[in-house]
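> Handing you this structure, nothing more for now.
The values are calculated or read from the model by the stated rules, or taken from the named source; none is laboratory data. Keep in mind that this is a model prediction, so the values were computed, not measured. Backbone-built Cβ (ideal geometry, glycine too); neighbour counts: all protein chains shown. To get the accessible areas, we keep the full protein, side chains included, count just its heavy atoms, and leave off ligands, DNA and RNA. Shrake-Rupley method; radii C 1.70, N 1.55, O 1.52, S 1.80 Å.
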Amino acid sequence: MRKASLILGMAAMMALTACAGGSKLNNFRKVQSGPDEFGILPTKPLSMPPDLAVLPQPTPGGANITDPTPKGDAVAVLGGNPARLADQGIAAADQALIAHATRQGTDPAIREDLAQRDARWRERNGRRLIERIIGSSVYQRAYEDVSLDAEAEQVRWQRAGAITSTAP
């Protein structure tokens with residue numbers, strides 16, 4: 001009787017864990033099908049510019065002076081220059097870094113290549129039988145050998161005499 005109730009209890013536990021929704025921590029796909037309520041921003045109030053001659057030429061689909069610019073507004077409020085947010089190409093100070101990084105050429109298909117390598121890696125380090133049954137994520141286990149232990153790294157750098165930020 002005791003053995004039967006133990007087996008029944010284990011079966012019930014397995015059934016309950018199989019019904020779990022799974023971890024959303026490593027779910028990189030968009031799970032919502034509707035609009036993002038935080039993506040809706042109010043427009044700026046209409047205002048008359050001081051000089052109509054300085055207005056930019058209207059472009060279909062282009063930016064409008066009443067369009068919301070939340071990042072630029074935040075930078076301006078914090079005392080920065082919102083014009084620095086615009087893509088201005090590679091800064092002169094970074095030219096040497098870019099030249100060194102690209103000295104042996106660049107691969108335009110690097111993203112696709114890395115995606116294929118990652119798929120092969122996850123295929124080789126895929127789910128085990130019990131993980132397939134309960135539908136658990138194997139992301140952390142698959143990348144455990146190549147992941148960085150942040151606390152151990154911080155201790156290593158502190159022992160080497162480097163100045164590191166504090167951590168809990």
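> Suppose the filter is loosely packed, with under 10 Cβ neighbours inside 10 Å, at pLDDT 70 or above and farther than 30 Å from residue 83 by Cα; does residue 5 pass it?
When the stated conditions are applied, residue 5 passes them.
> Let me ask another. Could you say which residue among 155, 146 is surrounded by 10 or more Cβ atoms within 10 Å (Cβ to Cβ) and either among the aliphatic types (A, V, I, L, M) or in contact with a Cys (Cβ under 7 Å, 6 or more places away or on another chain) (or both)?
When all the criteria are applied, what remains is 155.
> Would a scan of segment 124-138 turn up a residue that is under 30 Å from residue 10 (Cβ atoms), open to solvent by less than 70 Å² (accessible area, probe 1.4 Å), free of Cβ contacts under 8 Å to residues at least 60 places away in the same chain and part of a helix (DSSP H, G or I)?
Scanning segment 124-138 turns up at least one residue that is under 30 Å from residue 10 (Cβ atoms), open to solvent by less than 70 Å² (accessible area, probe 1.4 Å), free of Cβ contacts under 8 Å to residues at least 60 places away in the same chain and part of a helix (DSSP H, G or I).
> I'm checking my understanding of the structure. Among residues of segment 59-92 that are under 13 Å from residue 44 (Cα atoms) and not small (Gly, Ala, Ser), which one is least open to solvent (accessible area, probe 1.4 Å)?
Looking at residues that are under 13 Å from residue 44 (Cα atoms) and not small (Gly, Ala, Ser), I get 66.
> What are the residues in segment 97-123 that are open to solvent by 60 Å² or more (accessible area, probe 1.4 Å) and modelled with pLDDT under 90, if any?
120, 121, 122, 123
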